[in-house]
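Working notes for the structure below.
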């Protein structure tokens, strides 16, 4: 959800306050697209990292990815220039090398207390034939369902500033990553709490535990949205911050065969041939 609030589903592009933020867009077959913001594994998505140019660019940036000392700062800079969100949410580039990993800087979870089941029911009405054959989908059909409520539901968010500073990306990058993190958190609390059907939550209070004395409010979201374009420009990404790739077709699954079926390339045994 922290990534979903950054994407405009209606226009299939990054949201306006984040225009110019580095990410990768991939052209798929039949006019479809995906992006490093939408993909579960971000840069390590097979639609992205299997691009030979990008794959080699990561290797060139970090040096020998398989052996020798690995400078995590070099990896962080390489990822930051291509997908800022992957620095915040972490990425494991195992398709390049098994040790190219950035841990999460921004993490979150939701926890409920004193959970109670709630049972309710209803009926599927058949306006034409209420007594029709239910097995065939006709007639009125009664149903019951069990849902759950809680006395208190809390969302927790954590930003690892120490690890962020350790990446050595510079002050401008740290300001952008911090503002982007706050944008994501406040945006989720403001409009991203429709977790699933019949589960719409509203944030009641927002408390900062560390650092002490800091206060946050969803009302700050508008100010952060106005500040983000300036912070993005200050990082000097340039006019080509959005990388566009064309994905190769995904390999098709092999058709299942029965255990006793011979392989397709098998030849008939002697005596079986006509």
### Filter result for residue 169 (assigned by TED's automatic domain parsing to the domain that holds residue 24, surrounded by 14 or more Cβ atoms within 10 Å (Cβ to Cβ) and modelled with pLDDT of 95 or more)
yes
### Query
Quick one: which of 274, 269, 264, 225 is out of contact with any strand residue (DSSP E or B) (no Cβ under 9 Å at 6 or more places or on another chain) and at pLDDT 90 or above?
225
### Message
Checking the structure you have, find out if any residue of region 46-55 is touching a strand residue (DSSP E or B) at 6+ places or on another chain (Cβ under 9 Å), within 22 Å of residue 179 (Cα to Cα) and outside any helix (DSSP H, G or I).
### Response
no
### Query
Among the residues of region 125-140, is any more than 18 Å from residue 198 (Cα to Cα) and assigned to a strand (DSSP E or B)?
no
### Message
Among (1) within 28 Å of the chain's Cα centre (by Cα); (2) surrounded by 12 or more Cβ atoms within 10 Å (Cβ to Cβ); (3) over 20 Å from residue 6 (Cα atoms), there is one condition residue 82 misses while meeting the rest; what is its number?
### Response
(3)
### Query
So how many residues does region 56-67 have that are surrounded by 14 or more Cβ atoms within 10 Å (Cβ to Cβ) and in a helix (DSSP H, G or I)?
5
### Task
Look at region 224-249 and say how many of its residues are within 16 Å of residue 177 (Cβ to Cβ) and assigned to a loop (DSSP other than H, G, I, E, B).
4
### Task
Give the residue that is farthest from residue 95 (Cα to Cα), with candidates limited to residues of region 21-35 that are modelled with pLDDT under 95 and part of a loop (DSSP other than H, G, I, E, B).
32
### Query
How many residues, within region 175-201, are over 16 Å from residue 109 (Cβ atoms), touching a residue at least 12 places away in the same chain (Cβ under 8 Å) and either out of contact with any strand residue (DSSP E or B) (no Cβ under 7 Å at 6 or more places or on another chain) or surrounded by 13 or more Cβ atoms within 10 Å (Cβ to Cβ) (or both)?
12
### Query
Which condition does residue 72 not pass, out of (1) under 23 Å from the mean Cα position of the chain (by Cα); (2) under 23 Å from residue 168 (Cα atoms); (3) loosely packed, with under 12 Cβ neighbours inside 10 Å, if it passes all the others?
(3)
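Conditions (1) in contact (Cβ under 8 Å) with a residue 40 or more places away in the chain; (2) surrounded by fewer than 14 Cβ atoms within 10 Å (Cβ to Cβ); (3) within 23 Å of residue 43 (Cβ to Cβ), marked per residue:
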{"position": "98", "(1), (2), (3)": "no, yes, yes"}
{"position": "111", "(1), (2), (3)": "yes, yes, no"}
{"position": "118", "(1), (2), (3)": "no, yes, no"}
{"position": "125", "(1), (2), (3)": "no, yes, no"}
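The values are calculated or read from the model by the stated rules, or taken from the named source; none is laboratory data. Quick caveat, the model's predicted, so the values are computed rather than measured. Cβ sites come from the backbone with ideal geometry, for glycine too, and all protein chains shown count toward neighbours.
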